[in-house]
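The values are calculated or read from the model by the stated rules, or taken from the named source; none is laboratory data. Note that this is a predicted model, so its numbers are computed, not measured. With ideal geometry, Cβ positions are generated from the backbone for all residues, glycine too; neighbour counts draw on all protein chains shown.
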Ligand code: PXP
């Protein structure tokens, strides 16, 4: 089955923001990622707009022709933004304020009612929903009750453990993915995936629909160029 590559372009915005002008041009990079084969573009606007700004998201709306995925914590401002843009997919992430990067999935038991409410709002607007989760069985079971279409596995722990023992690193994800498939949840994944660990993940996770990759892909493109890098990541998924 095909796994789509969605390129997270937050790092491009970080680089641009370092100088306050429009270099690199975020919209052009999104267009080029698609031209080079990416099947999706992901952005993660954070409340302080330190990389992707809300304005960027509005501008990207008319540029992105593949699957546009907006990630973030569903506060009022984020919900309004997503409902105005109507991307193909929204990925809900439980980021505490001020966190450097997403570092855990939702507690789908404790947050079930909150997630249910927000997801219903997005689904009414015909936006596909995904929620960022860890691999605990109870988390997956309770994810179903939120009404979400998909889950996105937080793959940070997989990437951390991959270099020590890849069989052990993948085991909880294999189990959780099988359960998710059985329960009718689509499976996405992201965080710290890279050229070394991606194909092993893809080959062991059944029904992997999409990966969203930012940091490592943008770093690799410094050495290989953006076009070659995207081709290398696509090759890992085939
Ligand atoms: N998925 C989610 C929910 C994220 O927050 C991020 C980072 O913004 C990613 C995927 C991509 O992670 P990375 O930049 O490590 O590839």
Checking residue 28 against (1) away from the ligand (no atom under 15 Å from the Cβ); (2) within 18 Å of residue 229 (Cα to Cα); (3) part of a loop (DSSP other than H, G, I, E, B), which single condition isn't satisfied? (3)
Positions within segment 49-62 being on the phi > 0 side of the Ramachandran plot and crowded, with 18+ Cβ neighbours inside 10 Å, in sequence order: none
As an exercise: evaluate residue 206 against (1) at pLDDT below 95; (2) in a helix (DSSP H, G or I) and give the number of the one condition it does not meet. (2)
What residue, among those in segment 8-25 that are in contact with a strand residue (DSSP E or B) (Cβ under 9 Å, 6 or more places away or on another chain) and assigned to a helix (DSSP H, G or I), is nearest to the ligand (Cβ to nearest atom)? 10
Consider residue 46 against the criteria (1) assigned to a loop (DSSP other than H, G, I, E, B); (2) surrounded by fewer than 17 Cβ atoms within 10 Å (Cβ to Cβ): it satisfies all of them except one. Which criterion is unmet? (2)
Within segment 203-221, how many residues turn out to be away from the ligand (no atom under 13 Å from the Cβ) and in contact with a strand residue (DSSP E or B) (Cβ under 6 Å, 6 or more places away or on another chain)? 3
So for segment 181-195 (the condition being touching a helix residue (DSSP H, G or I) at 6+ places or on another chain (Cβ under 9 Å), assigned to a helix (DSSP H, G or I) and surrounded by 15 or more Cβ atoms within 10 Å (Cβ to Cβ)), does at least one residue qualify? no
